[in-house]
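Please treat every number below as a calculation from the coordinates, not as lab data. From a predicted model like this one, the values you see are computed outputs, not experimental measurements. No Cβ is skipped: glycine too gets one built from the backbone with ideal geometry, and neighbour counts run over all protein chains shown.
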Amino acid sequence: MNYWLLKSEPDVFSIDDLADVEREPWDGVRNYQARNFMRDQMQVGDLALFYHSNTRPPGVVGVARIATPAHPDETQFDPQSRYYDPKSSPDNPRWWCPDVSFVLKFPDVVSLQTLRDDPGCAGMLVTRKGQRLSVQPVEPEHFRRVLELAGVDPADVSAAL
DNA sequence: GCCAACGTTGGC
DNA sequence: GCCAACGTTGGC
C-alpha cells in the first residue's frame, strides 16, 4: 500500500466538494510524472493527503482514498473542456487517473508552514521550494505524522473507510 | 499581483 | 538533441 499527496485548488475542487460527491475522477492532471504515478503506481485502497493549494494558508485538509484503478481521463476527449488534449485519442489515451473517494476532513488545516517547521515531516516533497508536482508520493511515516499533527487517530481513518 | 521555479514546445 | 521562449504553478 502506497501513500500520496493530491493537490487541488479549493476554488476549483475542495475537500468539501469531495465530501459532497463522495467520489470523483481525479481528472485534469496534465503532467507526465503525475500521470505516471496515477497510472502505474496507485492501487485501490491507497490513501492520500488532500492538499489545498493557492489558498491561505496552503496545507493538508483531509484524507482521500484511491477508489478505482486508473482509467482514461475523459476530459482529454472533450473539446469543451479546459483540459481537452487534441493530440490524445480514445485508442491511445495520453492522460489517466483513478477515481478518489472522501475519507475524512481534518478538524483544522495542517498548513504548509507547519509541515516545514516539523522535524517529523523533514524531506516531504511538498515542503521543497519550487515543488509543483500535483500528485506526489508520501512516505508512510510522513503520512502518520501528518495525521498526528491534525489530531486524527489512525483508527479514525480506518473507521471512515 | 508578483515572480521564482519548473515543464513543455518548437525552431534549428 | 539543444536551448530559448513561453506558459503554468503556487507560495507569498
Checklist outcome for this item: With Cα coordinates, the longest principal axis of chain A makes an angle with the long axis of helix A:140-150, in degrees rounded to 10, of 60
Checklist outcome for this item: Ranked on Cβ counts within 10 Å of their own Cβ, fewest leading, A:Val29, A:Val146, A:Val152 go A:Val152, A:Val29, A:Val146
Item to check | Residues A:Cys97, A:Cys121, sorted so that the one with the fewest Cβ neighbours within 10 Å comes first | outcome: A:Cys121, A:Cys97
Checklist entry - With chain A treated as a Gaussian network of Cα nodes joined by springs under 10 Å, which of A:Ser111, A:Ser88, A:Ser101 yields the largest mean-square fluctuation? => result A:Ser88
Item to check | Label-point separation in nm, A:Arg56 to A:Ser89, each point 7 Å along Cα→Cβ | outcome: 4.9
Next on the checklist: Calculate log10 I(q)/I(0) of the stretch A:3-160 for q = 0.10, 0.15 Å⁻¹, where I(q) comes from the Debye formula with a single equal point scatterer on each Cα and nothing for solvent.
Outcome noted: -0.35, -0.77
Item to check | Average Cα contact separation per residue, the stretch A:8-161, under 8 Å, 6 or more apart, as relative contact order % | outcome: 25
Checklist entry - Using helices alone, what [θ] at 222 nm do you get for chain A, with -39,500 (n - 2.57) per DSSP H run of 4 or more residues, divided over all residues and rounded to the nearest 500? => result -5500 deg cm²/dmol
Checklist outcome for this item: In whole Hz, the Karplus estimates of ³J(HN,Hα) for the stretch A:119-129 (6.51, -1.76, 1.60; θ = phi - 60°; x where Gly or Pro) are x, x, 9, 4, x, 4, 4, 5, 7, 7, 4
Next on the checklist: What whole-number distance in Å separates the alpha-carbon centres of the stretch A:27-91 and the stretch A:146-161?
Outcome noted: 24
